[in-house]
Amino acid sequence: MRFDILTIFPNIFDSYINTSILKRAQEKKIIKIVTHDIRKFTKDKHNKVDDLPFGGGAGMVMTPQPLYDCIKHVKKLNKGPVIYLSPRGKTLSQSKVEQYSKKHKGMILLCGHYEGIDQRIIDSLVDEELSIGKYVLTGGELPAITVVDAVARLLPGVLGRAESHEEESFSKSLNRKKEYPHYTRPADFLGMKVPDVLMSGHHKEIAKWRKSKLS
Ligand code: 4GS
């Protein structure tokens with residue numbers, strides 16, 4: 001699956017996408033992640049990406065021309081939906097993440113800054129507005145990384161047995177509930193003991209206990 005990320009801060013992504021599981025997924029060619037610097041598509045001499053809001057008020061708005069040219073350029077490389085990360089969008093959930101991972105060969109993720117982007121870009125080129133939660137961030141970069149990470153880990157071959165997504169919070173197999181608690185060695189840590197049933201070897205009892213701990 002191909003992810004194209006449109007941002008005015010492409011360097012934000014360097015560390016996260018080139019570490020651990022996303023790094024290995026790219027090496028294995030299961031995913032491709034390409035960042036695009038929106039500022040490179042400016043045409044004015046000061047490379048301005050923002051401007052004052054019509055109607056007045058505080059803050060700046062991302063100006064349409066660089067966004068328009070950048071999105072048009074990326075649409076030639078990626079046939080997936082253009083998704084604008086914004087608190088106005090529908091909130092992301094694990095079932096939505098599963099849909100993206102199954103339905104699409106690619107996604108184009110547009111990161112906003114300041115007060116947001118000119119509405120005419122949303123009306124003409126954005127397929128979907130998506131929020132990662134009901135709070136406000138300084139930019140859409142963390143939401144974009146969140147979407148890439150959540151979708152990529154569901155693609156076949158990305159996770160090994162050690163990081164399996166068979167039984168985890170919000171998975172179908174756990175009826176979309178929060179998962180049960182986990183323990184590892186030592187059996188006694190500073191006097192805090194591991195529940196006896198997990199040490200018993202009774203697989204049926206362990207499954208029953210884990211089910212009882214779902215919420
Ligand atoms: C979110 C969010 C967000 C909104 C970007 C203010 C800068 C900021 N994007 N889910 N302008 N929550 N975006 O807070 O997606």
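The table for this structure:
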{"quantity": "Subset tally (residues that are β-branched (Val, Ile, Thr), closer than 20 Å to residue 74 by Cα and near the ligand (Cβ under 9 Å from one of its atoms)) for the range 118-143", "calculated": "0"}
{"quantity": "Residue in the range 166-185 that is in contact with a Ser or Thr (Cβ under 8 Å, 6 or more places away or on another chain) and without any contact (Cβ under 8 Å) to a residue 24 or more places away in the chain present", "calculated": "yes"}
{"quantity": "Test: residue in the range 174-188 that is more than 19 Å from the chain's Cα centre (by Cα) and not in a loop (DSSP other than H, G, I, E, B)", "calculated": "yes"}
{"quantity": "Lone qualifier among 162, 152 - being away from the ligand (no atom under 16 Å from the Cβ) and without any contact (Cβ under 8 Å) to a residue 40 or more places away in the chain", "calculated": "162"}
{"quantity": "The one condition in (1) within 19 Å of residue 21 (Cβ to Cβ); (2) touching a Ser or Thr at 6+ places or on another chain (Cβ under 7 Å) that residue 111 fails to fulfil", "calculated": "(1)"}
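So that you can scan it fast, the table gives a plain yes or no per residue for (1) outside any strand (DSSP E or B); (2) surrounded by 17 or more Cβ atoms within 10 Å (Cβ to Cβ); (3) polar (S, T, N, Q):
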{"site": "48", "(1), (2), (3)": "yes, no, no"}
{"site": "53", "(1), (2), (3)": "yes, no, no"}
{"site": "59", "(1), (2), (3)": "yes, no, no"}
{"site": "66", "(1), (2), (3)": "yes, yes, no"}
{"site": "83", "(1), (2), (3)": "no, yes, no"}
{"site": "87", "(1), (2), (3)": "no, yes, no"}
{"site": "100", "(1), (2), (3)": "yes, yes, no"}
{"site": "108", "(1), (2), (3)": "no, yes, no"}
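Readers should treat all values here as calculations from the given coordinates under stated rules, not as data from a laboratory. Source: prediction; values computed, not measured. Glycine also receives a Cβ, built like all others from the backbone with ideal geometry; neighbour counts cover every protein chain displayed.
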